[in-house]
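Student: Questions regarding the structure given below will be posed in turn.
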Amino acid sequence: MFRLFDESTLCFAAALVATGVGLVAGLRARRNVADWSFVAGIYLLALDRFFAGLSLLADTGGAVERWQQWRLTIVSVAPGVWLVFSLTYARLNAPGFLRSWRWLWPAALVVPGAIAVAEFGQLFQVHSAPEERWVLVLSGPAKFLYTLILPLSILILANLERTYRAAVGTQRWRIKFMLLGVGILFLSQLYTASQALLYGALGSSLETTRSLAMLVALAVIGRHLLRTTKFEAEVYPSQSVLQGSIIILLAAGYLVLVGLIAKLATLFGGTSAFALKALVLLVAMVLLVVLAQSDRIRLHLRRWISRHFQRPFYDYQTVWRKFSEGTAEMTDTTALCRNTVKLSADVFQALSATIWLAGEDGDRLEVAASTSLSPEKIAATRPEPAEVALVLAHFSAHPAPVDIELAQTPWAAAIRRWQPSEFPDRGGHRICAPLGRQGRVIGVMVIGDRIGGLSFPEQDMDMLGCVADHLTTRLLNVQFAQRLVQSKELEAFQAMATFFVHDLKNAAFTLNLMLQNLPRHFNDPAFREDALRGMGKTVEHMNRLISRLGQLRHDLKLELAPTDLATLVARCAEPLAANAPQAFTRDLPVLPAASADAEQLQKVVTNLILNAIEATPADGEIRLRTFAQGPHVGLEVADTGCGMSPEFLARQLFRPFQTTKKTGLGIGMFQSKMIVEAHGGRLTVASTPGRGTTFQVLLPLHGK
């Protein structure tokens, strides 16, 4: 009875501590998903331990079953809540993870709990056992629940691992105790679920194991809450599918080994202490992984090997490949600097790595990326222009890495103020290297808060210089690439704006023709009616152009439909021919429908007719003809104008901004050819100087 009382007290103690942690976290929580999912998860754990304690105090099998049913219902809901936490905690791109996992986490929140509620009262039966207070024999639905809980626990652990591996420097230092605490909780869940599936039953002794694990986890989480005043959110994990996860490999290895040990224990009759052996195996594997991930242990191991085996401290080939691969595809300054500080913090085993870049005017330095400086710290330690001038002047004259703790000069004091140590008494020295070429300094890079407070010997300074040179080259390349992109964008915008102006020019030309004829024919009612109709169409066309201005930067998109080419040509030619001095000849027979975007094709026809009018003297002739040719229908626009030289036809006609007209923009034929070819057609030309020009447009038949 004393042992039983101790076991239940342990459960109630875990529930009480969890409630306290949840209360503290709730008071500090902000309005985001990670904070509130953590608070909800902690309270669910408190309920789990509370019901477990009541089941240990129960005197009858029915009471044990009732309280354990409630406990398993809570346990079924909790993984979904903690999965949401693992997807959002410390992640600035958390909404992206919630969207990409939008089918899994809602199912994890609903499905296990719904099964537990639906099968409430039939999840297990209580049996007595010589070595246990009671044993719960699981039913089919209960086994299915644990089958769901097991992979969900592994996914939660894998997501926490992803967050830890994505964090660097002081970011990792800030969040590691929270991740470790939650990890302990779900490692115990992994152990419990594997035992349940292996034996189809759970003993009362597992409640003690889970209570102890929870108390340890809550102590670690409490350490996190004492260390920070809020949940940090500064990590950008990759959105790629989980791969190369140590947690997944650990879980798979553990389950395989436990299965083999259980089989051997059954064969040789040694199952009495199997559960304890499985727990010891899990703890050993976890400790091995934790030690392997310890930055402090890895740094001391590297130094010991370098000292005693006369090996270089750095594998320069590996480091250089890591930096090259990590920065080769970066085309954005922020992304490049962010990757560089992460790589640098890992290579130098330092918690603080910061890149400061100079502004174009050279009188300010801004943080491009940092593993330690929060926005609040950056605002509080903003460099003064005079300090910036001192730092840039020093590194322009002395372009080499330097230990700023040893330099007792104003420029070094300024950098120390900008980059305060997270651990003044045990973080070691801070070192700084300029980012510059040929006397031009574009920024500085600062490394500090080294793990274990170790110094930076000569090899470290040489490596920092190499990293700074590599980053400088990449930054200059990115800047040149961005300028080239901006130049191309400006050029493209100018070309598209010219397209727009060209269409407006054509519309203005139509209105000008009407105005020229207005004094002579104003008293003719038919002319006035025709002019008003033409002006209305022209204004409507101009309004359509203006409404489509926002689409100019996008690719040409056609809305193909059956189109009567002869009718479209007649509609375009009517207002132009009515106001032009030249004689128009039309041969527009009825043809099979073409596959065309009428609005876009109208631009081509209008442009060809206007070009013919501008190139042909008043006594000349313009001929319009439509025809069928195999699987195509065609339009021919011929004039008796000035014509074009063979050289202009071959080299300049269809290129933008090339024209023979004094007021031309040189864009019409380029635009027309682009539209026709987008239809899958062809635009050809034949011209003789002094005798005229003939354009032919071929378009595919509809349905061909």
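Please treat every number below as a calculation from the coordinates, not as lab data. Computed from a prediction, not measured in an experiment: that's the story for all the values here. Using ideal geometry, Cβ is built from the backbone for each residue, glycine included, and neighbour counts are taken over all protein chains shown.
Student: Taking the Cα-to-Cβ direction at Thr381 and at Ser396 and moving 7 Å from each Cα, how far apart do the two end points lie in nm?
Tutor: Output for this residue pair reads 2.5 nm.
Student: Rounded, prolate or oblate: which fits the stretch 556-700 when a ≥ b ≥ c are the square roots of the eigenvalues of the alpha-carbon gyration tensor, with rounded for a/c under 1.5 and prolate only if a/b beats b/c?
Tutor: Oblate.
Student: Taking 0.36 nm per residue of sequence separation and subtracting the Cα-Cα distance, how much length would be gained by fully extending the chain between Ser139 and Leu27, in nm to one decimal?
Tutor: 36.3 nm
Student: Please grab the % of Cα pairs in the stretch 2-239 that end up more than 26 Å from each other.
Tutor: Cα-Cα pairs in the stretch 2-239 separated by more than 26 Å: 36 percent.
Student: Here's another thing I want to ask about it. Please work out how much length the chain gains when fully extended from Ala678 to Ala413, using 0.36 nm per residue of separation minus the C-alpha to C-alpha distance, in nm with one decimal.
Tutor: 89.0 nm
Student: Evaluate E = 1/(1 + (r/R0)^6) for Ser645 and Arg99, where r is the Cβ-Cβ distance and R0 equals 56 Å; express this FRET efficiency to the nearest 0.05.
Tutor: With a Förster radius of 56 Å, E is 0.40.
Student: Where Lys and Arg each count +1 and Asp and Glu each count -1, what net charge lies around Thr333 among other residues with Cβ under 11 Å from its Cβ?
Tutor: 0
Student: In nanometres, what is the gap between the two model label sites at Asp524 and Thr147, each 7 Å from Cα along Cα-to-Cβ?
Tutor: 8.9 nm
Student: If each of Ser128 and Val590 carries a label point 7 Å out from its Cα toward its Cβ, how far apart are those two points in nm?
Tutor: Result: 10.2 nm between the two label points.
Student: For Ile431, what charge total do you get from the other residues with a beta carbon under 13 Å from its beta carbon, if Lys and Arg give +1 and Asp and Glu give -1?
Tutor: Around Ile431, the charge tally is -3.
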